[in-house]
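All of the numbers you see were taken from the coordinates with simple rules; none came from a lab. These figures come from a predicted structure and were not determined experimentally. Note that each Cβ is placed from the backbone with ideal geometry, even for glycine, and that neighbours are counted across all protein chains shown.
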């Protein structure tokens with residue numbers, strides 16, 4: 001196996017173990033030695049890949065967000081129409097958060113750290129994902145308007161608000177100790193938004209189904 005492949009695999013291993021340690025102890029309380037112990041390597045090995053703990057912390061977030069963006073891109077590209085693309089984004093978000101349910105508070109810690117640190121790379125990385133999602137959301141909103149599903153709406157403004165709705169649901173889910181089903185919450189959000197923006201023709205097709213989802217809410221049964 002080429003040395004570059006081994007080096008990349010080792011880097012990914014360190015990131016994975018660092019995520020586990022950061023999740024359990026928090027960024028400030030975590031020690032590089034603890035990460036080295038978890039990965040069964042010497043502490044010096046970590047410093048061959050990451051100069052500081054903060055650099056490693058950023059690498060964890062970057063790895064998570066890169067995977068998330070790649071999954072969304074692949075699913076959106078594979079979807080056949082704008083409505084299916086919207087569903088693909090929703091499902092990807094739910095799966096991303098649920099797959100990291102035990103590490104969910106760490107995402108909030110990334111956001112908080114980005115606002116505290118003098119290192120601009122944290123906010124730049126956060127805004128990279130936010131820009132990716134807002135631009136994708138604006139493009140799909142325009143497609144839905146053009147296809148006659150949505151009434152005319154400023155696509156960029158709507159994408160900005162919709163991004164905030166999603167972040168708010170995730171925050172509530174974390175603060176409520178994941179006590180409600182995340183997939184149903186995201187589906188309810190989508191139904192509420194849909195009923196508000198649906199054109200008259202689209203409402204005739206979808207209103208009964210969406211109203212049933214509104215009435216059911218996020219109950220588990």
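Please state the shape class of the range 55-102: rounded when a/c is under 1.5, otherwise prolate if a/b exceeds b/c and oblate if not, all from the C-alpha gyration tensor.
Oblate.
Which of rounded, prolate, oblate describes the range 1-70, given a ≥ b ≥ c as roots of the alpha-carbon gyration tensor eigenvalues and a/c under 1.5 marking rounded, otherwise prolate only if a/b is larger than b/c?
oblate
For the range 1-51, what does the relative contact order come out to in percent, with C-alpha contacts under 8 Å and a separation of six or more?
Relative contact order of the range 1-51: 31 percent.
Sorted from fewest to most neighbouring beta carbons within 10 Å, what does the list 166, 84, 179 look like?
The order, fewest Cβ neighbours first, is 179, 84, 166.
On alpha carbon coordinates alone, what is the Rg over Rh value for the range 91-164, Rh being the Kirkwood radius?
1.08
Where the centroid of each part is defined by its Cα atoms, how far is the range 47-123 from the range 163-221 in Å?
Rounded to whole Å, the Cα centres lie 22 Å apart.
Grab every C-alpha pair in the range 7-137, bin the distances at 5 angstrom width from 0 up to the longest one, and report whole percents.
The distribution over the range 7-137 is 2, 10, 19, 20, 18, 14, 9, 5, 2, 1, 0, given as percents.
When each pair of different Cα atoms in the chain is counted once in the 1/r mean, what is the Kirkwood radius in angstroms, to one decimal?
19.4
Label the range 159-221 by shape, choosing from rounded, prolate and oblate, from the square roots a ≥ b ≥ c of the eigenvalues of the Cα gyration tensor; if a/c is under 1.5 it is rounded, and otherwise prolate applies when a/b is larger than b/c, oblate when it is not.
oblate
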